[in-house]
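Take a look at this one; I'll ask things after.
The values are calculated or read from the model by the stated rules, or taken from the named source; none is laboratory data. Just so it is clear, the structure is predicted and the values come from calculations on it, not from any experiment. A quick note on method: Cβ atoms are made from the backbone with ideal geometry, for glycine too, and the neighbour counts reach across all protein chains shown. Accessible surface areas use protein heavy atoms only, side chains included; no ligands, DNA or RNA. Shrake-Rupley method; radii C 1.70, N 1.55, O 1.52, S 1.80 Å.
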Amino acid sequence: MPEHRSSTFTLGYEEFGRKPEQFVDQAIRSSSIILDTNAVLNLYRMKPSARNEYLQVLEKIANRIWIPRQVANEFHRNRISCVDSHANSLKEKHAAVTEAASNLRGALGDFYKLHSLADGRSAEHLAPLNNAISRITDSIAAEVAEYDLSPGPLLSRDPILERLSVLFDGKVGVGIAESEQVDQVKEAVRRGKESIPPGYIDVQKKGEEGAGDYLIWKEMLEHAKESKQSVLFVSTDTKKDWMRVQCGMIVGPRPELVSEMSKIAGVTYHQLPLAQFLARAAHVLDVRVSQDTIDQANETPRDEMKAKLHIEKRVQQIQAIEERMATMQEMTREIAQRRDAALQSLNAARKRTVGDDSPQLVTKLYAAVDEAQAYLEAVEEQYQIARDGLAALRSQRTSFINEVRVLEAYAI
């Protein structure tokens, strides 16, 4: 008879919940902290104040930072283009928001002129909307004005790179041996085809060119195996081939990564988005990190996330308006047909009165003419109401579309 065995209901399922703050804090205090490429490049996308706070955090953990060679390679390839791309993105965002805001103001003004709800108080109705538009345009203008980097000067002297060279000195991996590069890229492609994390999304899109994430992971495994230190990976990558996402929420790193790190290196593995890392580091390391810095470290800052959620709401409203417009257009066509039929009936009644000499019949025909005329006027009134309602819907739809354009430009 086989031996009866039992186990706990929760042991082994730890990765299905978020790690408690104590675990995260301890990881920040004692783990080997590894940065991905964009976590470093984000320094070049930040305003000076946020950049300085981020660098102060890195200085606090300088003795435990480790940078994979693949990260260093990607950083140096993309440092200048990152600045150029961000500066251009800010300019494009500013121009797009300014243009879209102007169109939206015009559309809103036209809508309130047309719509009877304005009651002669359109300025009062429009004030909150105009204030909201101004807040967005002012925010973008301030963002553009505060950004202090441009590619040209950085080619000859880069103060950020100078500080990083001190911080990361002696803390960069040697990378995967040249003799192993081909085999490791093939392994990345194999894993990509089988959707084994990390990095399989890039591999499935780009083939061998998308192997970078796996090469970083391979270096991390070898470093952890050698150092025997637990690993905290700080990344801006929250895709599902790195992080476990459930119901739209990031739960933690993929369990497969935790398991592989434990199996190969015998250490614990955890991963944090850059914004969350900075927020907890401020508490753990007793260093100032403002909310503005945390927002800038986040790939989708709070205001941009709100903008995107509002876009979704407006798109749903536009779809509802279009459905109402389709119904009203059909109603307008039916009323127009009834109007045409009533007009034909009225003309026919008038012709009969002209061609008949019988006073009694003429009286009846005139009554029929009056009835047809009244019906025609009622239908005409319905038709005009329907046309006005359709015009109001079209104007509101235009306003919402322009508002979506403002928000989309803001959330580039």
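Give the residues of the stretch 248-273 that are farther than 16 Å from SER230 by Cβ and among the charged types (D, E, K, R), sorted by residue number.
ARG254, GLU256
Determine whether VAL258 is modelled with pLDDT of 90 or more, open to solvent by 10 Å² or more (accessible area, probe 1.4 Å), in contact with a strand residue (DSSP E or B) (Cβ under 8 Å, 6 or more places away or on another chain) and of a type in the set (A, V, I, L, M, F, W, C). Steps first, please.
Numbers: modelled with pLDDT of 90 or more: yes; open to solvent by 10 Å² or more (accessible area, probe 1.4 Å): yes; in contact with a strand residue (DSSP E or B) (Cβ under 8 Å, 6 or more places away or on another chain): yes; of a type in the set (A, V, I, L, M, F, W, C): yes.
Taking the combined requirement at face value, the residue satisfies it.
Here is a follow-up. For a quick check of your reading of the model, give me the residue pairs whose first member lies in the stretch 77-96 and is within 19 Å of SER156 (Cβ to Cβ), whose second is assigned to a helix (DSSP H, G or I) and not aliphatic (A, V, I, L, M), with beta-carbon atoms closer than 6 Å and at least 6 apart or on different chains.
ILE80/PRO151; CYS82/TYR44; VAL83/TYR44; VAL83/PRO151; ASP84/PRO151
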